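Worksheet: the structure to be examined is printed underneath.
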Amino acid sequence: MPFCYKCGSEVPADVNFCNNCGAQLKATQNSATPTPVALTAPQDRPPMPESNLVWAILTTLFCCLPFGIVSIVYASKVSGFYVAGYYEEAQKSSRRAGLWAMWAAITGALILTIYLIIVFTAASQAVKHRLFDYY
C-alpha cells in the first residue's frame, strides 16, 4: 500500500488525494504543475542529487559574486524539492547550481587573467621608462 509523500500516512492505491492531509497524489489532466507521486515506502526514493552548495559558496566568495548568488539560490532548492517528492525538479536545480558555479569560476578566472595582464603590462612600462630616463 502506498504512502502519502506529505504526511506519511497509508493511502489506497487508486485515490488522487490523501485522506489524512488532502495532498494531491496523482497528476490530474488540468494540472499544469508537476505533482509528486505517492511512494510505496521511504526506501523507494531515488538518491538525493548533489546540491553543489559548497561550490556555490566558494565561487561566490572567490570568483564572481552575481553568478555565485544564483548558484546558491538553485543549490538551496535541491533539498526542498527532494523532500517534497519533486525529484526531477531537484535534479534540475542541482544541475543549474553546478552550471552557475562553473560559470562563476570561469568568469572569476577570466577577470583575474585580465587584471594580471594589465598589472604586468603597466609594471613593465614603468620599469622600461625608469631605465631609459637615466640614459
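Just so it is clear, none of the values below were taken in a lab; they were calculated from the coordinates. These figures come from a predicted structure and were not determined experimentally. Cβ sites come from the backbone with ideal geometry, for glycine too, and all protein chains shown count toward neighbours.
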Please rank 71, 94, fewest neighbouring Cβ atoms within 10 Å first, as an exposure proxy. 94, 71
Just how many % of Cα pairs in the stretch 74-119 lie over 13 Å apart, if you round to the nearest whole percent? 60
For the stretch 46-133, build the convex hull from the C-alpha positions and give me its volume per residue in Å³. 68
Karplus-derived HN-Hα couplings along the stretch 79-88 (A = 6.51, B = -1.76, C = 1.60, θ = phi - 60°), whole Hz, x at Gly and Pro: 5, x, 5, 5, 5, 6, x, 8, 5, 5
Simple label model, 7 Å out from Cα along Cβ direction - residue 130 to residue 117, nm: 2.5
What is the set of long-range amide H partners of residue 17 at a cut-off below 5 Å, with H atoms built 1.01 Å from backbone N? 25
On a full-extension model of 0.36 nm per residue, what is the gain between residue 48 and residue 69, subtracting their alpha-carbon distance, rounded to one decimal in nm? 5.4 nm
